[in-house]
Amino acid sequence: DFGRSSELAFVVEPSDDIAVQEQPLILYCQVEGIQPITITWRKNGVMIVDSDNAFMLANGSLYVSRFQRVRGDGSSDEGEYDCMAQNHYGLVVSRKAKIQAATMSDFHIHPQNAVVEEGGVARFQCQIHGLPEPVILWHKNSMPVNTDNERYTLLPKGVLQITGLRAEDSGIFHCVATNIANVKFSREARLTVSGSHSTVYKDPMILVGPENLTLTVHQTAVLECIATGNPRPIVSWSRLDGRPIGVEGIQVLGTGNLMISDLTVQHSGIYVCAANKPGTRVRRTAQGSLVVQAPAEFVQHPQSISRPVGTTAIFTCVAQGEPPPQITWLRNGQILETSDHIKLKNNNSTLSIYGINQADEAIYQCLAENSAGSTQASARLTVLWADGLPSPPQGVRAETVSATTIQVSWEKPLQNTKEIIGYVLHIRKAADPVEMEYQEAVSKSTFQQLVTDLEPSTSYSFYIKAYTSRGASKASEVTVVSTLGEVPAMPSLFIKVINSTTVQATWEPSIKLGQHEGFKLYYRKVHLSQYTGPVLLASNVTAYNITHLDASVVYEVKLLAYNQHGDGNSTVRFVSLRETVERTVLNPPCDCMKDEQNNKTSTTGIIIGIHIGVTCIIFCILFLMFGYRGRLLMCKNVQEQLSTPQIPRSQRSATGLVLNGATRRDRDDRDLNGKQLDMNELERLFPASPSQEQQEKGITLSHSLSAPHDETQISTLPLDEFSIIEEQPDPLPKNPHGSSPAAPAPDHGPANEG
C-alpha cells in the first residue's frame, strides 16, 4: 500500500507497449477507492472522447480497435497515454505509458564477400532498425546456420563470427530479420576459404572491438572483440577503472566476446579488450563504454496526513534511478504551482504547505521520471476543521522599539473565545520565504509580545492565531514594520609615535562595526576643550597621520564610525611626544662620515689594545712562573735545615706532618679555623728559637742555614702574607731542580703567592 491514498489509488497502471499496425490495442487501468469513481483517459495531455476507434471498457481499460501509425487525417495513435481517476476526495493520474507502432526499416548494412585463408577468422554483419528490436538469424546456402557448431558465433546485433576456418565453411551467407511488424532478407555474401593454414608469424591484431552501448537494467549486453594473429592471440577483458568484472552473469561467446546478463547499474563502465601474443607481453587493446540506465523508483513514498487549519503539511517523496529522475508534483491531477505558502525543496523531494486551509485539501501526487521510465505515488491531505473555532484575532499592531526590538499587540477574537488556550505569534522577515517563518507562543491572557533579537533596518511581518484544544483560528491580518537603524560599534584604535611632531592613528576594520559609511577622527591638546576635526575618512581607510604637533604637551585622539543612522561610540587614546624628544637629545643623529672615521680609529685602538693585553698576560705568566720557582727553592732549603726523624711511611701518612701539607683530618680542621691555623703553622715552622714543644715532637731548626737563604726567606716571604700550599697526593712531573711542583691548594681563605 506504499504510495497509495486509501480513498483513491491505482491498482494497475498502463505500461509502455509496441502496437501492430491495423491490430487492436488494450491499455489497462484499474482503480480502488471510495465510490463513486470516474475514470478518464488522456493522450499527450488531451482528453480522449469515446469513438468507434477508441473507447473505454467497463473495467476502466482503453480499447483501440485498429491501431494506426498515421491516419487519413494526419493523426496518429502513437503517443503518451495516462489514466485519470476521480472521486469526491480528489483526483489521481497514472504514470505515462509510451505507445509506439511496430516498424522495421530496410537493411542499412549488408554482409560483404570475403576471402580468408584456412585457419583464419571470418566475420559477417548485417544491421537493421525496428520496433521491437528485430531478431536476426543467419542462413548458409539457404539453410539456417548450425548454431551447435562452436566455431560459429551469432551475436544479437546481427554479427556472425566463424573461427578456425575450414574448406567446408565456404558458401553463400545472408541474414533474416524478424519482428512483429515484418520479415526481411539481406543481400547474399560469398565466403571463400583459400590455401592451407599459414605458419608465418603475425602480430596480434583486433579486427573489431567493443562498441559503446546504452541499455536498461535486466537487459543483456554483448561486447564484441575478435582478434587475429599467428600464433592465435589470447583475448582477455578488464575494466578501465580497475574494478573486477565479476563472474555472476558473465559469459564468453566464441573466442573473445563478453556477454553480461541481467544488467545492473554497477555494470556501467569502460571495458577494455586485450589481444595478447602467447608467452609474451605483446598486446593490442580496444575499448568501449557500457551505460546501464535504471527506471525511476521510489525510495520513500509520500504518506497521507491530516492537519488542522493553519498548520503546516509536509510530504516527502524520494526517488532513485539512472539517470537521476526528475520529480514533479500534481494536485488533483494538475501540475502544482508554488506560491508563498506552497514550497518545494531538496530538488522537489519535499513539498511543504504552510498555513493550510480547506482549499488545500486534495490528493497530491509525486511523479518521478527519467529516460528509462516513470512512476508515481499519491497521498491525501485532510484539513481538520471544527465548528466553533475562534475567529481571527483583531487589531494587530506592531511598533518599533529599537534597532533589534519590536512590540506586537492585538485584541482577542470577536467570536468563540471561551475555549482559547493561547495565541501564537508568527514572525518572518518580509523578504524571506514562508518556510523561514518562526513562532512564539503567548498565554491566553496576554495581548502583546516584545519580539527581540531582530536585525537592524529590517522589515518583519507578523500575524496572530488563536488556538483551542480542537484547532486554530484563521490567521489575523498581516502587519509589516521595520526595525530602527543601528549606529556602528566602537572601532579599535592604536597610536604610534612617528617622530617629535607626528603620530599615526591606526585601526582595524571589524564586522562588529556593521554597516558604516566611514570614520571621524578628532584630536586636541588635553588642556584645551576644542577638538581639531572631524577628519572624515572613507570606510576602507585604516590609518591616518596627525602632523605639526607640539612635543611638549599630551594629546587626546578620538575615533568613531558613522553611518546614515548617526555616529557610533568613540574610542579615545592619549599620547605624549616628550619621550621621543628626550630620546632624540640623548641619542643625536649620527654624522655618518665622522662615525666612519671614528670607526676606523676605534678599530686601530682595539688592535693596539689587544696587543698590549696579550703582552701583559705573557709578563704575568712569566712573573708567576719565576716567582713560583723561587718559592719552591726556598721551601727546599728550609726543609734541608730541618732535622726530621725517619718515621716509617705508614706512620707518616697517618700522623706525621709534611712541610707544605697536612693530613686530610688537618685539612678538615683548617676548613673550620681558616687563616688562624695558617698562622699557627707559620709560627711552628719559623720560630725565633726552638721551643720545647717542637723538640718533643722531634722538629728542630738547623743553624747551618746560610745568610742568603735567610734573607730570601725574610724578604720574599713575609710572615704576615705567607700561606701554606698543600701538595696533591698524585705524583707530578719533576721540575729541572728535581722537586715536585706544588698544586694549588683549596681555597681556605685569602692567600698571596709570591
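The values are calculated or read from the model by the stated rules, or taken from the named source; none is laboratory data. Values in this document were obtained by computation on a predicted structure and should not be read as measured data. As a convention, Cβ positions derive from the backbone with ideal geometry for all residues, glycine included, and neighbour counts pool all protein chains shown. In case anyone asks, the SASA skips ligands and DNA or RNA and just uses the protein heavy atoms, side chains included. Shrake-Rupley method; radii C 1.70, N 1.55, O 1.52, S 1.80 Å.
Spatial offset of region 181-242 relative to region 118-161 amounts to 12 Å, using the alpha carbon center of each.
Within region 67-161, the GluC sites (Glu not before Pro) that combine a DSSP coil assignment with at most 12 other C-beta atoms in a 10 angstrom radius are Glu150.
You can think of it this way: the chain between Ser492 and Thr280 has 68.6 nm of extra reach, that is 0.36 nm per residue less the Cα-Cα gap.
Taking 27 Å as the cut-off for C-alpha to C-alpha distance, list the pairs among Lys96/Lys184; Lys157/Lys184; Lys429/Lys558 that go past it.
On the way: Lys96/Lys184 32 Å; Lys157/Lys184 15 Å; Lys429/Lys558 37 Å.
Listed pairs above 27 Å: Lys96/Lys184; Lys429/Lys558.
Loop-located trypsin sites (Lys or Arg not before Pro) across region 1-91 with a Cβ neighbour count of 12 or fewer within 10 Å are Arg71, with loop assigned by DSSP. Asp340 sits with roughly 120 Å² accessible to a 1.4 Å probe, with DNA, RNA and ligands left out of the calculation.
In the full protein context, region 345-387 carries 36 Å² of accessible surface per residue, based on a 1.4 Å probe and ignoring ligands, DNA and RNA.
Are there chymotrypsin sites (Phe, Trp or Tyr not before Pro) in region 110-219 that DSSP puts in a loop and that have at most 10 other Cβ atoms within 10 Å, and which ones? Mind dumping the intermediate values first?
Numbers: sites: Phe124, Trp138, Tyr152, Phe173, Phe185, Tyr201; in loops: Tyr201.
Sparse-neighbourhood loop chymotrypsin sites (Phe, Trp or Tyr not before Pro): Tyr201.
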